[in-house]
Amino acid sequence: MIEHRIDPIALSTTIEHILLADGCTADEAKTVADHLVLASLSGHDSHGVIRTMRYHLWIEEGTINPATALTTVLDTGPLLQLDGNDGMGQWLAREATAQGINKAKETGIAIVALRRAGHIGRIGMYAEQACAAGMASIQFCNVNGSLLVAPFGTARRCAGTDPVAVGIPNPDGEDFILDFATSLVAEGKALVAGTGGKPLPDDALVDADGRLTGDPRALYGDSLDTANPDPREGAGALRAMGDHKGSGLALACELLAGALTGNGANKAVEGRFGNGLLSIIIDPQTFDDKGSFGREVADYLDFVHSSPPAVGVEKVLVPGDRERALRAERSANGLPMPEPVLAGILATAEATGVKASRDNLIK
C-alpha cells in the first residue's frame, strides 16, 4: 500500500476549508481541523484526519449540525450540565472543558455533564486542555447510537468504544495524559486497518459466530469497499479490552457518560448518534496544603522513568510520552497517510468546492 508524508499545516488548512464549506463557523472549522491533525500527529490516527470524510457525510445527512452552540441545562455550585444539540463535537467539548476549568478555579472542583455532542474526537485533548490550565481531570465518554463493542463473554454489540482519559499536570515536566478506548482497539483503528494502515491484532474482533478475528470486514462488511465504510454493516463486533475488567469499565462509561449526563446509554435499537462526556475537573491547589503536589508528581514520574526496562523494551514510558514523541517526529517529517485516505480527503475537497492538490499536501 502506497503511503505518503503529508504537510500537517497544509492539511489542517484544507480540512478547515472543507468544514467551512460544509457550514461550520470559522472557529468551529479551525478547532475541528486542528484537533484532527493533532490527533494524527500524536499517533491517534483513528481519531485523526481519516474522520474528515465521515464528518462531511454526517453533516450532509444531518447527523451533526454545524454552527450550533451549547445550551446550559444546569449550573449550580460545582455542577454544570450542558446540551450540545448535536453540534460539532470537538468545538462543544472544548467549550465545555473551558467552562469546567473556570468553575474549578472558583470552587476547587467541577463536574461537567455534556450530552448530545457530535463526535468529540480524541478525549485526551480535553485532559491536555485541563492540564494546560493547571487542572487534574477524569473524563468518561459514551457513544450513543454506536453499537460496536461486544463486552466480555458476549458475541453481541452492547456498547460503544467508550473512552476514558485522565490528566495530571506536572509543573516540573511533562504532564501525565492517559487516554484509551475501552474496546481492545478503537473503531477508527479498524478503519485505518481496512484502508491500508496498520493491521489489527488477530483477536481484536469477534465475528457473527463469536470467533476471534482481526479482519475489519467483521465490523464493516462489504461497505469497506466504499468511500465511507460503515461500522454498522458488519455482522461482528469489536471486543472490549481487559476481559471482565475492561468490560466493566466500558459499562461504567455507558452509565456515567450516557445515563447520568442525559445522553442516553446504548440499547438494542440504535438511537441517534451522539457523545456523552462526564468530566471531573480538579484544582490541585485546593488539596495541596503542604505545597507538595508538583514535587510528588514529578518525583513519581521520574521514579517510573528511571526503572530498568523489561526484556524487549527499549525505553520505559508513561502515558503521554509516546504521543509527544510522535508529534515531534511527524511534525518534522510529515504525517504518514495511506493513499486511500489522501484520495478520500482530496475527493471531499473537490465535492465541497475546495481547491486542494497532492503537490500542496505531500511534504
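The values are calculated or read from the model by the stated rules, or taken from the named source; none is laboratory data. Worth saying up front: this structure is predicted, and the values here are computed from it rather than measured. Positions of Cβ are generated from backbone atoms using ideal geometry, with glycine treated the same way; all protein chains shown enter the neighbour counts.
Values for this structure:
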{"read-out": "Filter result for Thr25 (more than 22 Å from Ala257 (Cβ to Cβ), of a type in the set (Ser, Thr, Tyr), at pLDDT 95 or above and surrounded by fewer than 22 Cβ atoms within 10 Å (Cβ to Cβ))", "value": "yes"}
{"read-out": "Positions within segment 39-76 being outside any helix (DSSP H, G or I) and among the aromatic types (Phe, Trp, Tyr), in sequence order", "value": "none"}
{"read-out": "Number of positions in segment 293-346 that are charged (D, E, K, R) and in contact (Cβ under 8 Å) with a residue 24 or more places away in the chain", "value": "9"}
{"read-out": "Complete set of residues in segment 303-341 that are among the charged types (D, E, K, R) and either surrounded by 13 or more Cβ atoms within 10 Å (Cβ to Cβ) or under 24 Å from Gln129 (Cβ atoms) (or both)", "value": "Asp321, Arg322, Glu323, Arg324, Arg327, Glu329, Arg330, Glu339"}
{"read-out": "Checking Ser183 against (1) surrounded by fewer than 17 Cβ atoms within 10 Å (Cβ to Cβ); (2) at negative phi, the condition it does not meet", "value": "(1)"}
{"read-out": "Residue check for Leu92: surrounded by 22 or more Cβ atoms within 10 Å (Cβ to Cβ), in a strand (DSSP E or B) and at negative phi", "value": "no"}
{"read-out": "Count - residues of segment 52-65 that are within 14 Å of Val192 (Cα to Cα) and either at pLDDT below 95 or buried (at least 24 other Cβ atoms within 10 Å of the Cβ) (or both)", "value": "1"}
{"read-out": "Only listed residue being assigned by TED's automatic domain parsing to the domain that holds Ala250 and farther than 25 Å from Ser279 by Cα, chosen from Gly160, Gly153, Gly196", "value": "Gly153"}
{"read-out": "Any pair with Cβ under 9 angstrom, 6 or more apart, that starts in segment 83-95 at a residue that is within 14 Å of Gly62 (Cα to Cα) and in the same structural domain as Ile281 (by TED's automatic domain parsing) and ends at one that is surrounded by fewer than 23 Cβ atoms within 10 Å (Cβ to Cβ) and charged (D, E, K, R)", "value": "Asp86/Arg272"}
{"read-out": "In segment 353-363, the residues that are surrounded by fewer than 16 Cβ atoms within 10 Å (Cβ to Cβ), over 15 Å from Pro8 (Cβ atoms) and not charged (D, E, K, R)", "value": "Gly353, Ser357"}
{"read-out": "Qualifying helices (runs of 4 or more DSSP H) (wholly inside segment 240-334; at least 2 residues being within 23 Å of Val164 (Cα to Cα), modelled with pLDDT of 95 or more and touching a strand residue (DSSP E or B) at 6+ places or on another chain (Cβ under 6 Å))", "value": "243-253"}
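Residue by residue, here is whether (1) of a type in the set (S, T, N, Q); (2) under 30 Å from Ala235 (Cα atoms) holds:
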| position | (1), (2) |
| --- | --- |
| Gly89 | no, yes |
| Gln99 | yes, no |
| Lys105 | no, no |
| Cys131 | no, no |
| Gln139 | yes, no |
